[in-house]
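Scroll down for the structure; my scribbles are underneath it.
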Amino acid sequence: MSIKIMLTGPPGCGKTTAIRQVLDRLQCEAHGFTTQEIREGGRRTGFKLTTVDGQEGLLAHTRIRGRPRVGKYGVDLTVMDELAVASIRQGMRERSLIVIDEIGPMELLSGEFRSAVLEALETDLSLIGTIMMRSSTFTDSIKARQDVRLIRISRGTMRSAVEEIVETLGEPGLSRRI
(Lines give C-alpha, C1' and ligand atoms only; values in the text may rest on other atoms or scores of the structure.)
Protein backbone atom coordinates (compact mmCIF):
# COMPACT_ATOMS: atom_id res chain seq x y z
CA MET A 1 0.00 0.00 0.00
CA SER A 2 1.43 3.35 -0.97
CA ILE A 3 1.24 6.38 1.27
CA LYS A 4 1.24 9.89 -0.14
CA ILE A 5 1.88 12.71 2.34
CA MET A 6 2.04 16.43 1.56
CA LEU A 7 3.14 18.98 4.15
CA THR A 8 1.86 22.50 3.90
CA GLY A 9 2.34 25.58 6.02
CA PRO A 10 3.65 29.13 5.91
CA PRO A 11 7.17 29.86 4.63
CA GLY A 12 9.83 29.15 7.23
CA CYS A 13 7.70 26.81 9.36
CA GLY A 14 10.03 23.82 8.92
CA LYS A 15 8.59 21.84 6.01
CA THR A 16 11.98 21.13 4.43
CA THR A 17 13.54 20.43 7.81
CA ALA A 18 10.74 17.95 8.51
CA ILE A 19 11.35 16.18 5.18
CA ARG A 20 15.08 15.90 5.90
CA GLN A 21 14.46 14.57 9.41
CA VAL A 22 12.03 11.97 8.08
CA LEU A 23 14.59 10.81 5.50
CA ASP A 24 17.32 10.61 8.16
CA ARG A 25 15.10 8.55 10.44
CA LEU A 26 13.69 6.17 7.81
CA GLN A 27 17.01 5.23 6.22
CA CYS A 28 15.23 3.86 3.14
CA GLU A 29 15.92 4.15 -0.58
CA ALA A 30 14.61 7.53 -1.78
CA HIS A 31 14.82 9.78 -4.83
CA GLY A 32 13.67 13.33 -5.41
CA PHE A 33 14.80 16.68 -4.09
CA THR A 34 14.66 19.31 -1.39
CA THR A 35 15.06 23.07 -1.67
CA GLN A 36 16.61 25.53 0.72
CA GLU A 37 16.98 29.27 1.00
CA ILE A 38 20.22 31.02 0.14
CA ARG A 39 20.93 33.89 2.50
CA GLU A 40 23.49 36.61 1.97
CA GLY A 41 23.97 39.30 4.58
CA GLY A 42 20.89 38.13 6.46
CA ARG A 43 18.63 38.51 3.41
CA ARG A 44 17.14 35.75 1.30
CA THR A 45 18.64 36.01 -2.18
CA GLY A 46 17.73 32.69 -3.75
CA PHE A 47 17.02 28.99 -3.52
CA LYS A 48 19.23 25.95 -3.97
CA LEU A 49 17.86 22.59 -5.10
CA THR A 50 19.53 19.40 -3.82
CA THR A 51 18.62 15.90 -4.97
CA VAL A 52 18.41 13.16 -2.34
CA ASP A 53 21.66 11.72 -3.76
CA GLY A 54 23.47 15.06 -3.33
CA GLN A 55 23.43 16.79 -6.73
CA GLU A 56 22.94 20.55 -6.38
CA GLY A 57 21.81 23.39 -8.58
CA LEU A 58 20.87 27.05 -8.26
CA LEU A 59 17.09 27.04 -8.75
CA ALA A 60 16.46 30.76 -8.33
CA HIS A 61 18.39 33.87 -7.43
CA THR A 62 18.07 37.63 -7.49
CA ARG A 63 21.16 37.72 -9.77
CA ILE A 64 19.56 35.50 -12.45
CA ARG A 65 18.39 37.86 -15.18
CA GLY A 66 15.64 37.40 -17.71
CA ARG A 67 12.61 35.19 -17.60
CA PRO A 68 10.96 33.32 -16.06
CA ARG A 69 10.69 35.24 -12.82
CA VAL A 70 8.84 34.78 -9.56
CA GLY A 71 8.90 38.08 -7.74
CA LYS A 72 12.50 39.27 -7.54
CA TYR A 73 13.94 35.84 -8.42
CA GLY A 74 15.02 34.62 -11.82
CA VAL A 75 14.31 30.88 -12.09
CA ASP A 76 16.53 28.34 -13.86
CA LEU A 77 14.11 25.76 -15.29
CA THR A 78 17.05 23.65 -16.47
CA VAL A 79 17.78 22.87 -12.81
CA MET A 80 14.17 21.72 -12.35
CA ASP A 81 14.17 19.53 -15.44
CA GLU A 82 17.70 18.09 -15.28
CA LEU A 83 17.93 17.54 -11.53
CA ALA A 84 14.50 17.48 -9.87
CA VAL A 85 12.45 15.85 -12.63
CA ALA A 86 15.24 13.38 -13.46
CA SER A 87 15.48 12.31 -9.80
CA ILE A 88 11.71 11.89 -9.42
CA ARG A 89 11.60 9.73 -12.54
CA GLN A 90 14.61 7.71 -11.39
CA GLY A 91 12.77 7.04 -8.15
CA MET A 92 9.78 5.76 -10.10
CA ARG A 93 12.02 3.46 -12.17
CA GLU A 94 13.83 2.18 -9.07
CA ARG A 95 10.60 1.96 -7.04
CA SER A 96 11.83 4.04 -4.11
CA LEU A 97 10.24 6.61 -1.83
CA ILE A 98 9.63 9.79 -3.86
CA VAL A 99 10.58 13.13 -2.27
CA ILE A 100 9.17 16.37 -3.72
CA ASP A 101 10.11 19.53 -1.79
CA GLU A 102 8.42 21.67 -2.99
CA ILE A 103 5.40 22.14 -5.19
CA GLY A 104 5.42 25.92 -5.32
CA PRO A 105 5.39 28.84 -7.75
CA MET A 106 8.98 28.45 -8.97
CA GLU A 107 8.77 24.71 -9.49
CA LEU A 108 5.39 24.93 -11.22
CA LEU A 109 6.93 27.00 -14.03
CA SER A 110 8.27 23.71 -15.40
CA GLY A 111 5.77 21.69 -17.42
CA GLU A 112 8.07 18.67 -17.09
CA PHE A 113 7.93 19.03 -13.30
CA ARG A 114 4.13 19.22 -13.26
CA SER A 115 3.98 16.06 -15.41
CA ALA A 116 6.46 14.21 -13.18
CA VAL A 117 4.49 15.11 -10.04
CA LEU A 118 1.26 13.78 -11.56
CA GLU A 119 3.03 10.62 -12.76
CA ALA A 120 4.46 10.02 -9.27
CA LEU A 121 1.04 10.51 -7.67
CA GLU A 122 -0.44 7.89 -10.01
CA THR A 123 2.11 5.22 -9.06
CA ASP A 124 1.76 2.67 -6.28
CA LEU A 125 4.87 4.18 -4.63
CA SER A 126 4.92 6.15 -1.40
CA LEU A 127 5.64 9.85 -1.66
CA ILE A 128 6.41 12.66 0.75
CA GLY A 129 6.41 16.27 -0.32
CA THR A 130 5.65 19.85 0.49
CA ILE A 131 3.06 21.98 -1.23
CA MET A 132 2.37 25.70 -1.06
CA MET A 133 -0.56 26.86 1.04
CA ARG A 134 -1.62 29.41 -1.56
CA SER A 135 -4.35 28.28 -3.90
CA SER A 136 -3.72 27.36 -7.53
CA THR A 137 -5.61 25.03 -9.83
CA PHE A 138 -2.71 22.57 -9.93
CA THR A 139 -1.97 22.49 -6.19
CA ASP A 140 -5.64 22.52 -5.21
CA SER A 141 -6.20 19.39 -7.32
CA ILE A 142 -3.37 17.62 -5.48
CA LYS A 143 -4.63 18.72 -2.07
CA ALA A 144 -8.11 17.41 -2.93
CA ARG A 145 -6.92 13.93 -3.96
CA GLN A 146 -8.37 11.12 -1.86
CA ASP A 147 -5.01 9.33 -1.76
CA VAL A 148 -3.06 12.35 -0.46
CA ARG A 149 -2.79 12.98 3.26
CA LEU A 150 -2.34 16.74 3.74
CA ILE A 151 -0.61 17.75 6.99
CA ARG A 152 -0.49 21.44 7.89
CA ILE A 153 2.51 22.24 10.05
CA SER A 154 3.84 25.21 11.95
CA ARG A 155 7.07 25.75 13.86
CA GLY A 156 5.31 24.42 16.94
CA THR A 157 4.02 21.24 15.29
CA MET A 158 6.95 20.31 13.06
CA ARG A 159 8.44 17.76 15.49
CA SER A 160 5.15 15.98 16.09
CA ALA A 161 4.54 15.90 12.33
CA VAL A 162 7.93 14.23 11.82
CA GLU A 163 7.03 11.58 14.41
CA GLU A 164 3.67 10.96 12.77
CA ILE A 165 5.20 10.64 9.30
CA VAL A 166 8.01 8.34 10.44
CA GLU A 167 5.48 6.16 12.25
CA THR A 168 3.24 6.05 9.17
CA LEU A 169 5.98 5.42 6.60
CA GLY A 170 8.01 3.21 8.91
CA GLU A 171 5.32 0.61 9.61
CA PRO A 172 6.81 -2.90 9.67
CA GLY A 173 7.63 -3.99 6.15
CA LEU A 174 6.49 -0.74 4.55
CA SER A 175 9.88 0.92 4.30
CA ARG A 176 11.19 -2.12 2.41
CA ARG A 177 8.26 -1.88 -0.01
CA ILE A 178 8.23 1.90 -0.49
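Scanning region 19-31 for residues that are crowded, with 20+ Cβ neighbours inside 10 Å and either part of a strand (DSSP E or B) or of a type in the set (S, T, N, Q) (or both) returns Ala30, His31. Does Gln36 meet the test of being surrounded by fewer than 20 Cβ atoms within 10 Å (Cβ to Cβ) and under 13 Å from the mean Cα position of the chain (by Cα)? Yes.
Looking at region 93-120, which of the residues that are in contact with a strand residue (DSSP E or B) (Cβ under 7 Å, 6 or more places away or on another chain), aliphatic (A, V, I, L, M) and part of a helix (DSSP H, G or I) is farthest from Ala30 (Cα to Cα)?
Result: Leu109.
Restricted to region 138-171, and to residues there that are closer than 21 Å to Cys13 by Cα and part of a loop (DSSP other than H, G, I, E, B), the residue that is modelled with the lowest pLDDT is Arg155. The number of residues in region 69-91 being surrounded by fewer than 17 Cβ atoms within 10 Å (Cβ to Cβ) and either under 15 Å from the mean Cα position of the chain (by Cα) or part of a helix (DSSP H, G or I) (or both) comes to 4.
If you check Met1 against the conditions, is it in contact with a Leu (Cβ under 6 Å, 6 or more places away or on another chain), of a type in the set (A, V, I, L, M) and either free of Cβ contacts under 8 Å to residues at least 12 places away in the same chain or closer than 23 Å to Ser96 by Cα (or both)? First the steps, then the outcome.
Values: in contact with a Leu (Cβ under 6 Å, 6 or more places away or on another chain): no; of a type in the set (A, V, I, L, M): yes; either free of Cβ contacts under 8 Å to residues at least 12 places away in the same chain or closer than 23 Å to Ser96 by Cα (or both): yes.
Against the criterion (in contact with a Leu (Cβ under 6 Å, 6 or more places away or on another chain), of a type in the set (A, V, I, L, M) and either free of Cβ contacts under 8 Å to residues at least 12 places away in the same chain or closer than 23 Å to Ser96 by Cα (or both)), Met1 does not qualify.
Taken over region 112-130, the residue count meeting the criterion of being surrounded by fewer than 17 Cβ atoms within 10 Å (Cβ to Cβ) and touching an Asp or Glu at 6+ places or on another chain (Cβ under 9 Å) is 2. Check region 45-68 and report whether any residue there is assigned to a strand (DSSP E or B), at pLDDT below 95, out of contact with any helix residue (DSSP H, G or I) (no Cβ under 8 Å at 6 or more places or on another chain) and surrounded by fewer than 20 Cβ atoms within 10 Å (Cβ to Cβ). Checked against the condition, which is being assigned to a strand (DSSP E or B), at pLDDT below 95, out of contact with any helix residue (DSSP H, G or I) (no Cβ under 8 Å at 6 or more places or on another chain) and surrounded by fewer than 20 Cβ atoms within 10 Å (Cβ to Cβ), region 45-68 yields no hits at all. Candidates Met132, Met158: the one that is out of contact with any Phe, Trp or Tyr (no Cβ under 6 Å at 6 or more places or on another chain) and closer than 16 Å to Glu107 by Cα is Met132. A single entry from Thr34, Thr16 fulfils the requirement of being closer than 27 Å to Arg155 by Cα, assigned to a strand (DSSP E or B) and of a type in the set (Ser, Thr, Tyr): Thr34. Just to be sure before I move on: is Glu107 acidic (Asp, Glu), crowded, with 19+ Cβ neighbours inside 10 Å and either in contact (Cβ under 8 Å) with a residue 12 or more places away in the chain or under 19 Å from Met6 (Cα atoms) (or both) in the structure I sent? Against the criterion (acidic (Asp, Glu), crowded, with 19+ Cβ neighbours inside 10 Å and either in contact (Cβ under 8 Å) with a residue 12 or more places away in the chain or under 19 Å from Met6 (Cα atoms) (or both)), Glu107 qualifies.
The values are calculated or read from the model by the stated rules, or taken from the named source; none is laboratory data. What you see is a predicted model; the values in this text were computed from it and never measured. Heads up, the Cβs are rebuilt from the backbone with ideal geometry, glycines too, and the neighbour counts pull from every protein chain shown.
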